[in-house]
1. If the chain between residue 128 and residue 3 were fully stretched, how many nm would it gain, using 0.36 nm times the residue separation less the Cα-Cα distance?
2. Helix-only mean residue ellipticity at 222 nm, the chain, DSSP H runs n ≥ 4 weighted -39,500 (n - 2.57), per residue, nearest 500. What is it?
3. Taking the Cα centre of the chain as the origin, how large is its charge dipole in debye, to the nearest 20, when only Lys and Arg (+1) and Asp and Glu (-1) carry charge on their Cβ atoms?
4. Please go through the residue pairs 6/189; 9/189; 6/31; 31/80; 189/228; 6/67 and name each one whose alpha carbons sit more than 31 Å apart in this structure.
5. Can you run phi through the Karplus equation (6.51, -1.76, 1.60; θ = phi - 60°) for the stretch 190-197 and list ³J(HN,Hα) in whole Hz, with x for Gly and Pro?
6. Tell me, what HN-Hα J-couplings in whole Hz come from the Karplus equation 6.51 cos²θ - 1.76 cosθ + 1.60 at θ = phi - 60° for each residue of the stretch 84-94, using x for Gly and Pro?
7. 5 Å is the cut-off here: which amide hydrogens, built 1.01 Å from N in the peptide plane, fall below it relative to residue 14, excluding neighbours closer than 5 in sequence?
8. Once a ≥ b ≥ c are taken as the square roots of the eigenvalues of the Cα gyration tensor of the stretch 1-70, is the result rounded (a/c under 1.5), prolate (a/b larger than b/c) or oblate (a/b not larger than b/c)?
Amino acid sequence: MANLKKEGKEIGLAVIIVGDNPASRVYVNNKKKACEYIGINSYEYALKEDTTENELIDLIKTLNNDKKINGILVQLPLPKHINEEAVINTIDVKKDVDAFHPVNVGKIMIGNYDFLPCTPAGVMELIAESGIEIQGKDCVVVGRSNIVGKPQAMLLMQQNGTVTICHSKTKNLAEYTKKADILVVAVGKPNAITGDMVKDGAVVIDVGINRIAEKTLVGDVNFEECEKKASAITPVPGGVGPMTIAMLMKNTVKAALIQ
Ligand code: L34
């Protein structure tokens, strides 16, 4: 297996985690493992829950100027006393491997971008690698978050899908989901999509990760029911989550190349 470091390429990713959200801890650990696997130097900054916004912003400014750091990722969510927008706005646009900075978000909207946000990019990769065509398909995205729903809809549209965005105020959600050839769900609620809401032969992509018991993870989609109808469906765990991490690795390599 190729390994960047063994090939003499030094690439650095800074991962900042604030507080002790157990899910964030798992995700950050998985990111560090992926870095190790492909040979990216990962630098973890685990900050205390009571870190101030200014302290976090100062750390980002230091990392912006650090030559050995090519990518900076601030794991979300942040504690409530910290303004996420102010923090994201501080990240150097060229080191923004999450593509959350408004400049990068704007570039995606225009269609001329360096980085794509990792989760929607992972979904696009899954669709492409499965040989599923998007052009002309009815695509329904359930959820309108800045990190998944909105950019996901944009990417599907750029691939010539006909895109509908549904959200918590959508009247009669099933009416929309039943029309979807490609259904992407990112709402953070178990069983948000049941079998009766899915068209025969649909492609169902489940972005949700919900902890329903100490060790039990489920997505937003009722897998057992929807599997019977879907032509392709992603599981949770082992579906979109690992793709998110793969896309982070891709963005980090790209950041190093750009710099
Ligand atoms: N800044 N914050 C920033 N960037 C991101 O791209 C994320 N996201 C989301 C949360 N906050 C973020 C992630 O990294 C979600 N996310 C993420 C990353 C990895 C996994 C899931 C979500 C993952 O590894 N999922 C495994 C199971 C993990 C487990 O056992 O809990 C899976 O197989 O789905």
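Since every read-out is calculated from the coordinates, none of them should be taken as a lab result. The structure displayed is predicted, hence computed values, not measured ones. Here the Cβ positions follow ideal geometry from the backbone for every residue, glycine too, while neighbour counts run over all protein chains shown.
1. Working: separation 125, 0.36 × 125 = 45.00 nm, distance 2.50 nm.
Result: 42.5 nm gained on full extension.
2. After summing the helix terms and dividing by residue count, I get -11000 deg cm²/dmol.
3. Working: 30 positive and 31 negative charges, 51 e Å.
Using only the charged Cβ atoms, the result is roughly 240 debye.
4. Values: 6/189 43 Å; 9/189 42 Å; 6/31 19 Å; 31/80 24 Å; 189/228 21 Å; 6/67 20 Å.
In this structure, 6/189; 9/189 exceed 31 Å between Cα atoms.
5. These are the phi-based 3J(HN,Hα) values: x, 6, 4, 10, 10, x, 5, 9 Hz.
6. Rounded to whole hertz, the list is 4, 4, 4, 5, 4, 4, 7, 5, 3, 4, 7.
7. Result for residue 14 returns 43, 70, 71, 72, 73.
8. On the way: a/c = 5.05, a/b = 1.47, b/c = 3.43.
Cα axes put the stretch 1-70 in the oblate bin.
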